[in-house]
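The values are calculated or read from the model by the stated rules, or taken from the named source; none is laboratory data. What you see is a predicted model, and the numbers here were worked out from it, not measured in a lab. Note: ideal-geometry Cβ built from the backbone for every residue, glycine included; neighbour counts use all protein chains shown.
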């Protein structure tokens, strides 16, 4: 059982996470996470792993499970987000494991650092967001830099994991430089350390000052998008209701409709594109206007207009799930 | 209390989420989420909101809280991810609320759909990932398209929220087109509906066939990066251990070191960049070689080489938090 324990307070663990640890005979994890749940560990075999032993941690888990023990391998946050789930499966496959071989694997999801830190600062993640690790221990720097550049340009909210360590002090400076070429210097940034733990520390700053903030191994950095604002000590990213509604009356603007795509949504945009092209705008011109690849514009114009299901039910503005 | 209830099974709610709902006098939410937690609702005032009433839902919450009631406003997954946290704060600010006015606000984090769905298919999120909503009800299509294009090009794992509805059937086709211009057609894609709920359904497909899959309002689509693979029915994205380690012996490759940046990490890359530039490669050439902005290459070359803290402790390959 690969268990995400959440931010590290018992309150914010799921029932399944607690049950999985309670069911286990053997609990394995990095020493900091073992400490976070030590009240649950009475009577169990505890294997504390230290740094740079992630692959060994997964091997120990498999060996114990093959010997018939129920094993909980714990990660902070969510085990699938820069946690042990991926490395464990890689080790399992390498060792010839299959789902039918008698050792079952369960991933127990938890709130990742980005969700926990976001909850402590307001509502920064409301719109499209991404997570990027600034750790180049396993990933070449140009790959990381290209990702930082892409999401800065495309106006994502960005959560930086592993932003800085004793040795890795320059990566956050590079990230700042890449972002400043696309975002305003006063873009809100939240620096969150140890969310929901005893030593929690939250600092609001801006992109221009991000690299000077007190950032360490237990920190998550949240960079707002171009609409994110800070008010009354809370960092909030708008969902976009103002694109459709008057925020006082809650009436839809002229031409917009509750439960329907914006006039500038896909269908409206396809119409506008076709009209512009028919009236003489070249594909290159349109690609530049919308900052989209010319190949995409061309392919889209070549498609027949979509048939719309007129009687389909309204949907809500929020997530459907 | 803005409560993220997780994927919708009681097991996967956090203790704080359950406690918050138990503490509440009034529970407000979209009718599907209210149903998911109805065993906790005995004796409480329940306000079921239907679609397109998100702003009203937030207003009802504020009115009830101002009248002295403890209010739980529930979202599936995490309230901060395309959930009620952002819209609620916007409504609160609009209504003149401040943190000192007597109505306290707490965001209770939960596992978002991307974490829950990922846990059900393997370990797809292990590396840098993002979430994009295909809903154009509040967001113009070109904004969404630019984001899809940027993350496809920069090789993120991508979770698509709100991928399709009764009316919005073309957005997923457009997303597929944008991705296919950057990713292999056989890129693994997982289609996950109602994770951890009674009607859970999981389908593995590829990018080439993504738009034909059975996708609806309760579906999250997970698109792998260029290294993601499917094996024994599990979708796994490597963390990059193979960049540093031999996966049989777990020995580091020649020139690499456990707990240290890769030779192609930032410092090694800066060295290589400086050497290439000094030996005659132009900034434009280097920008093209690494697919990074020329302005970034130029600014980086203009910086003095960083001082490295030689005695700093090793760090682990996984997340520091």
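Here are the numbers for this structure:
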| read-out | value |
| --- | --- |
| Residue match in region B:74-90 (condition: more than 7 Å from chain A (Cβ to nearest Cβ) and surrounded by fewer than 24 Cβ atoms within 10 Å (Cβ to Cβ)) | no |
| Set B:274, B:254, B:195, B:284: member being under 20 Å from residue B:129 (Cα atoms) and not in a strand (DSSP E or B) | B:195 |
| Subset tally (residues that are exposed (fewer than 15 other Cβ atoms within 10 Å of the Cβ) and in a loop (DSSP other than H, G, I, E, B)) for region A:257-271 | 1 |
| Any hit, region B:202-213, residues being under 21 Å from residue A:259 (Cα atoms) and part of a loop (DSSP other than H, G, I, E, B) | no |
| Residue in region B:37-48 that is more than 30 Å from residue A:261 (Cα to Cα), more than 8 Å from chain A (Cβ to nearest Cβ), in contact (Cβ under 8 Å) with a residue 40 or more places away in the chain and not in a strand (DSSP E or B) present | no |
| Selected residue (criterion: surrounded by the fewest Cβ atoms within 10 Å (Cβ to Cβ)) from residues of region B:106-126 that are under 11 Å from the mean Cα position of the chain (by Cα) and in a loop (DSSP other than H, G, I, E, B) | B:125 |
| Count of region A:127-144 residues which are assigned to a helix (DSSP H, G or I) and within 16 Å of the chain's Cα centre (by Cα) | 1 |
| Leading residue by the ranking (surrounded by the fewest Cβ atoms within 10 Å (Cβ to Cβ)) among those in region A:42-68 that are at pLDDT 90 or above and out of contact with any helix residue (DSSP H, G or I) (no Cβ under 9 Å at 6 or more places or on another chain) | A:43 |
| Residues of region B:178-192 satisfying the condition of being surrounded by 18 or more Cβ atoms within 10 Å (Cβ to Cβ) and either in a helix (DSSP H, G or I) or not assigned by TED's automatic domain parsing to the domain that holds residue B:231 (or both) | B:178, B:179 |
| Residue A:301 being more than 8 Å from chain B (Cβ to nearest Cβ) and within 16 Å of residue B:178 (Cβ to Cβ) | yes |
| Residue match in region B:157-165 (condition: at the interface with another protein chain (Cβ under 7 Å from one of its Cβ atoms), farther than 30 Å from residue B:26 by Cα and assigned to a strand (DSSP E or B)) | no |
| Sole residue being more than 25 Å from the chain's Cα centre (by Cα), away from chain B (no Cβ under 11 Å) and not in a strand (DSSP E or B), chosen from A:103, A:27 | A:103 |
